[in-house]
Amino acid sequence: MDANVNKSYFIAVERYAGFGIDTNKVIEKLKEIPISIHAWQLDDVSGFEEKEAELSGGGILSTGDFPGKAKNIEQLWQDLEKVLSLVPGGKKISLQSIQGDYKGNLSDRSDISTSHFNSWIDWAKEANVGIDLNPALYSHPKAGSGYTLSSKDKNIRSYWIEYVKKVRYIANYIGDKLNTPCISTLWIPDGSKDVTPSRYDRRINLKESLDAIYSVKYLKQNIIDSVESKLFGIGLEYFTVGSLEFYLSYAVKNGLGITLDTGHFHPTEVASDKISSILPYLDDIVLHLSRGIRWDSDHVTTLSEELIAIMQEIIRADVLGKIHIGTDFFDGSINRVGALVTGARAVQKALLIALLEPTQILKEYEGKGNNFGRLALLEDLKALPFGDVWNYYCELNSIPKDLQWIDEVLKYEKEVILKR
């Protein structure tokens with residue numbers, strides 16, 4: 001281990017010990033918290049159903065034309081392996097259903113089967129990661145009208161109902177084979193750009209579609225079902241069928257999880273405040289962490305105050321068993337591997353900061369009405385050397401520490417990405 005890292009760490013140990021924090025125990029706990037890293041950053045959400053597949057709308061948009069995106073599953077695995085080598089701690093890989101091993105020859109999306117994910121299972125075992133699988137109801141002719149599960153066309157609704165059922169079946173299969181729950185999050189792009197008199201009708205259609213999908217039950221040890229809301233999107237500024245109110249009500253009534261995408265709310269809303277509001281009623285909250293700027297722009301997650309606040313809410317409530325942490329952004333304007341590593345490391349840093357917080361002291365101040373002491377301590381904690389603990393944690397995991405990993409990405413860009 002780097003002597004300077006070791007020396008800095010033990011100075012940090014003493015400083016945190018003054019607040020009753022055992023940094024070694026914190027590091028051990030951090031190792032146990034898996035982060036689900038989304039794979040669609042690496043292929044611009046194109047998938048592999050067709051050779052040289054490109055997006056065709058339907059609520060998904062990755063902007064930018066940085067060279068070297070993953071154009072086949074082998075390139076995706078290569079990039080993911082590089083990402084995993086630069087991110088410490090426990091990991092899962094989150095997939096869109098269009099990222100199966102189709103070899104560009106899937107005649108129709110509905111032909112999806114478990115056979116298309118056996119190679120993913122083998123890869124995951126070798127990489128020692130779990131897999132999450134999300135159904136893709138976009139970039140398809142039957143999503144071209146702007147509506148899928150809430151469509152007025154019964155045939156379109158039936159098509160997507162059966163498709164999501166198949167994806168859930170495969171997710172259950174993956175969870176069973178990997179012996180770890182596969183999270184399957186349902187998000188649909190359904191909505192309208194302008195005034196929509198039939199909002200109630202659309203939501204009744206969606207409810208009935210969901211009832212049909214989730215009538216099939218699986219063991220939770222294999223699959224965790226979740227529904228994901230959104231406030232609005234490009235071309236859907238007036239009406240989004242799957243709003244937070246709709247999905248939260250449905251999840252509570254039917255015992256599903258709720259997915260909170262941090263870019264799916266109004267710019268003045270914060271997901272951190274929603275966690276403690278939802279937890280008393282649901283057993284599972286799935287986090288899709290992104291950085292919305294002005295709209296749901298899916299910018300790379302960074303170590304922001306809100307990201308830290310989200311992790312603090314989780315740790316302060318001691319509800320890690322109910323929270324499933326993942327990333328979700330896609331920026332095609334920069335090195336995609338670097339983007340994914342930046343976001344994943346930021347999430348883990350936020351978790352570390354939350355774990356290093358002397359929560360008990362803060363709660364004691366609060367209980368005694370010492371609001372000044374609470375605020376002042378929170379401010380002073382910001383200056384404590386969590387970065388020294390982080391670099392030590394990286395070295396323990398044989399992962400490049402801060403600043404060093406950037407050179408690794410740039411080397412990979414030169415030797416692999418730019419040669420594609």
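The values are calculated or read from the model by the stated rules, or taken from the named source; none is laboratory data. Small disclaimer: the values here were computed from a predicted structure and weren't measured. Here the Cβ is made from the backbone with ideal geometry for all residues, glycine too, and neighbour counts use every protein chain on show. In case anyone asks, the SASA skips ligands and DNA or RNA and just uses the protein heavy atoms, side chains included. Shrake-Rupley method; radii C 1.70, N 1.55, O 1.52, S 1.80 Å.
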Using a ≥ b ≥ c from the Cα gyration tensor of the stretch 156-315 (square roots of the eigenvalues), is it rounded, prolate or oblate, where a/c under 1.5 gives rounded and otherwise the larger of a/b and b/c decides, a/b for prolate?
oblate
Stretched out fully, how many nm does the piece from Asp318 to Asp407 gain, at 0.36 nm a residue minus the Cα gap?
28.4 nm
How many percent of the alpha carbon pairs in the stretch 69-210 exceed a separation of 25 Å?
35
Hypothetical label at Phe19: residues of the stretch 303-336 whose amide nitrogen lies under 19 Å (7 Å Cα-Cβ projection)
303-319
According to a simple spin-label model (label point 7 Å from Cα along Cα-to-Cβ), what is the distance in nm between Glu126 and Glu81?
0.6
Acute angle (nearest 10 degrees) that the helix 371-381 long axis makes with the longest principal axis of the chain, alpha-carbon atoms
90
How far is the Cα center of the stretch 255-302 from the Cα center of the stretch 342-395, in Å?
21
Phe10 and Ser398 label points (each 7 Å along its Cα→Cβ direction) are spaced in nm at 2.5
Say a paramagnetic label sat at a point 7 Å from the Cα of Lys165, along Cα to Cβ; which residues of the stretch 215-229 have their backbone N under 14 Å from it?
215-218
Local net charge near Asp153, Cβ-Cβ under 13 Å (Lys/Arg +1, Asp/Glu -1)
+3
By the C-alpha gyration tensor axes a ≥ b ≥ c (rounded if a/c is under 1.5, else prolate when a/b exceeds b/c, else oblate), the shape of the stretch 53-126 is oblate
Counting DSSP beta bridges with both ends in the stretch 212-364, the antiparallel % (nearest 5):
15
Over the Cα atoms of the chain, Rg to Rh with Kirkwood Rh, two decimal places?
0.97
Could the peptides 312-318, 79-85 be put in order, highest first, of the mean number of other beta-carbon atoms found within 10 Å of their residues?
79-85, 312-318
Counting Lys and Arg as +1 and Asp and Glu as -1, what is the net charge of the other residues whose Cβ lies under 10 Å from the Cβ of Pro135?
+4
Compactness index (Cα Rg / 2.2 N^0.38 Å), the stretch 1-55
2.06
Carbon and sulfur together cover what percent of the accessible area of the chain at a 1.4 Å probe radius?
50
Let me know the shape class of the stretch 233-388, please: from the alpha-carbon gyration tensor, a ≥ b ≥ c as square roots of the eigenvalues, rounded when a/c is under 1.5, otherwise prolate if a/b is greater than b/c, or oblate.
oblate
When the helix-only estimate is applied to the chain (DSSP H runs of n ≥ 4, each -39,500 (n - 2.57), divided by the residue count), what is the mean residue ellipticity at 222 nm, nearest 500 deg cm²/dmol?
-13500 deg cm²/dmol
Apply 1/(1 + (r/R0)^6) to the Cβ-Cβ distance of Phe372 and Glu306, taking R0 = 22 Å, and write down the FRET efficiency to the nearest 0.05.
0.35
Whole-Hz Karplus ³J(HN,Hα) for the stretch 95-112, in order, using 6.51 cos²θ - 1.76 cosθ + 1.60 and θ = phi - 60°, x for Gly and Pro?
10, 8, 4, 6, 9, x, 7, 8, 6, x, 10, 6, 5, 8, 4, 6, 7, 4
Which aspartates and glutamates, on any chain, are close to Lys207 with Cα under 19 Å apart, when same-chain ones fewer than 8 places away are left out?
Asp153, Glu162, Asp190, Asp225, Glu228, Glu245
Which of the pairs Lys142/Lys419; Lys154/Lys230; Lys165/Lys220 have their Cα atoms more than 27 Å apart in this structure?
Lys142/Lys419
